[in-house]
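To start, the structure itself, in structure tokens.
The values are calculated or read from the model by the stated rules, or taken from the named source; none is laboratory data. Fair warning: this is a prediction, and the values are worked out from it, not measured in the lab. All Cβ positions, even for glycine, are placed from backbone atoms using ideal geometry, and neighbour counts span all protein chains on display. Remember, those area values only see protein heavy atoms, side chains included, never the ligands or the DNA or RNA. Shrake-Rupley method; radii C 1.70, N 1.55, O 1.52, S 1.80 Å.
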Amino acid sequence: MAKTSTTTQGLRSAIERSGYYPALVSEAVEAAVGGEPIRSYLVHQETTFDQNEVRRHVTVLVLTGNRFIVSHTDEQAADSTSPTPYATTSTESVKLGRISSVVVSRVVANPEQYTPGTLPREVVLTIGWGAVSRIDLEPAACGDPNCDADHGYTGSSTADDLSLRVSEAGDGPETVRQALTFAQAISEATADIAR
């Protein structure tokens, strides 16, 4: 990462604040970003409960001038393959031109009283670039209630490469604000590429 960038320093600080293996996460993100300037970022640390275990993971999204970078780090308890706990970090770099959809879902309380600029209660950011698709199929039918012919199937394919949910209650208002800022930045970047 460029050493003098204010945005780069902000990203490092956000990774440190997450408290989730900051040296490991920073190194993985830094290697993926290389020397490119960072336009926007989002750090999301999440804790989940799996039976009697508490598991944490962190997702870091970075937007540069040419790429969208996703870094994800999970921790694992000791198991039959490893006598000690371990973490797995992966990064994916996607050219902005490959991003096919950016979906931002906002949940607001009391929508009849909504004032523009008010933070939503939660935000779900879904970004698709064609690496993972979900196909929903169902039997096709015709309008004839007496028809017993096989009409095949009908369905839809949805790009579902990344879906990230942040909420004011769980993550705090600053994370919700950062998610909206990142969503706007990546939407604008992909629109610029399409022109």
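Extension gain for the segment L119 to Q184, taken as residue separation times 0.36 nm less the Cα-Cα distance, is 22.0 nm to one decimal. For the chain, taking Cα atoms only, Rg and Dmax work out to 20.3, 72 Å respectively. Take C147: with every protein chain present and a 1.4 Å probe, its accessible area is about 50 Å².
For a quick protection proxy, order the peptides 75-82, 148-155, 37-44 by their average other-Cβ count within 10 Å, most packed first. Kindly include the intermediate steps, with their values, before the conclusion.
Values: 75-82: 10.6, 148-155: 8.9, 37-44: 20.5.
Ranking, from highest mean packing down: 37-44, 75-82, 148-155.
How much of the accessible area of the chain, probe 1.4 Å, is carbon plus sulfur, in whole percent? Summing carbon and sulfur atoms, their accessible area is 49 percent of the total for the chain. Seen against the Cα atoms of the chain and their longest principal axis, helix 173-194 is set at about 70 degrees. Modelled spin labels at E92 and D144, positioned 7 Å past Cα toward Cβ, are 4.5 nm from each other. For the chain, the mean residue ellipticity at 222 nm estimated from helices alone is -8000 deg cm²/dmol, where every DSSP H run of n ≥ 4 contributes -39500 (n - 2.57) and the total is divided by all residues, rounded to the nearest 500. Principal axis extents of the Cα atoms in region 68-110, from largest to smallest and rounded to whole angstrom, are 47, 37, 12. So how tilted is helix 22-33 from the main axis of the chain? Cα-based, degrees 0 to 90, rounded to 10. The two axes meet at around 70 degrees.
Normalised Debye scattering of region 77-190 at q = 0.19 Å⁻¹ gives log10 I(q)/I(0) of -1.03, counting only Cα atoms as equal scatterers and leaving out solvent. Across all Cα atoms of region 1-91, the radius of gyration (one decimal) and Dmax (whole number) stand at 14.2, 44 Å. Computed with a 1.4 Å probe over protein heavy atoms only, the accessible surface of the chain comes to 59 Å² per residue. Note on S105 and Y153: the extension gain reaches 14.4 nm, defined as 0.36 nm multiplied by sequence separation minus the Cα-Cα distance.
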